[in-house]
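Asks: Mind looking over this structure? Questions follow.
The values are calculated or read from the model by the stated rules, or taken from the named source; none is laboratory data. What you see is a predicted model, and the numbers here were worked out from it, not measured in a lab. Ideal geometry is used to build each Cβ from the backbone, glycine not excepted, and the neighbour counts take in all protein chains shown. Accessible surface is based on the protein model in full, side chains and every heavy atom, while ligands, DNA and RNA are left aside. Shrake-Rupley method; radii C 1.70, N 1.55, O 1.52, S 1.80 Å.
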Amino acid sequence: MSYDICSCSELRRLTRKITTIYNHYLLPNKLTITQYSLISSIGRLGQVTNLELAIDIGMSRSTLSRTLKPLIVRGWVTTVDLPKNRYAERRSLALVLTALGQRKLEEAWPNWRLAQDEVDRQLGTGLSTELGSIVDSAYAKLREPNKDFSPFN
């Protein structure tokens, strides 16, 4: 184990650079990559609780709530009542992508694809694929239940 390099700092430096690329390409759609990722996840998952979404994307509920507010205000996401069998706790609510949100997602997808292509071009397809695999593996290991470090408690 090396104490010369902080894993967190290195990953944050990389994600800031990659985020800049995605945000550049999504600018014509008036979206950030964080917003695009949220509407994409909600669209993929269908009706999803705020807790399920927070866990799926690795974000605390409070950060998710703050990030969702502008999407709800713009009419891209709406909240709906949870069925009784999915009611986890008092603060649980269900999120759904609206028709307007679906259109926004479809509108932005070509620019997201351009950003993805640019990242692949800059990294090279091999490194980009390898990076995705490494990140998925690392996230799976860190996602294992650990109450001491969970932002979802």
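Asks: Can you give the extra length, in nm with one decimal, that the chain gains between GLN47 and ALA138 once fully stretched, where that is 0.36 nm per residue apart less the Cα-Cα distance?
Replies: Taking GLN47 through ALA138 to full extension adds about 30.0 nm, to one decimal.
Asks: Give me the count of lysine pairs in the chain whose alpha carbons sit under 25 angstrom apart, restricted to pairs 8 or more positions apart or on different chains.
Replies: Qualifying lysine pairs in the chain: 7.
Asks: Moving to a separate point now. Grab the DSSP H runs of the chain that are 4 residues or longer, score each as -39,500 (n - 2.57), total them, divide by all residues and round the 222 nm result to the nearest 500 deg cm²/dmol.
Replies: Only helices count here, giving -21500 deg cm²/dmol.
Asks: For the chain, what is the accessible area per residue in Å² when the probe is 1.4 Å?
Replies: Accessible area per residue: 68 Å².
Asks: Report, in debye and to the nearest 20, how large the dipole of the stretch 1-101 comes out about its Cα centre when Lys and Arg carry +1 and Asp and Glu carry -1 on their Cβ.
Replies: 280
Asks: Going by a ≥ b ≥ c, the root eigenvalues of the Cα gyration tensor, does the stretch 95-137 fall in the rounded group (a/c under 1.5), the prolate group (a/b larger than b/c) or the oblate group?
Replies: It comes out oblate by the Cα gyration axes.
Asks: Of SER65, THR34, GLN116, which is farthest towards the positive pole of the stretch 1-121's charge dipole, taken about the Cα centre with +1 and -1 on the beta-carbons of Lys, Arg and Asp, Glu respectively?
Replies: SER65
Asks: Arrange the peptides 68-75, 32-39 so that the one whose residues have, on average, the most other Cβ atoms within 10 Å appears first.
Replies: Output ranking for 68-75, 32-39: 32-39, 68-75.
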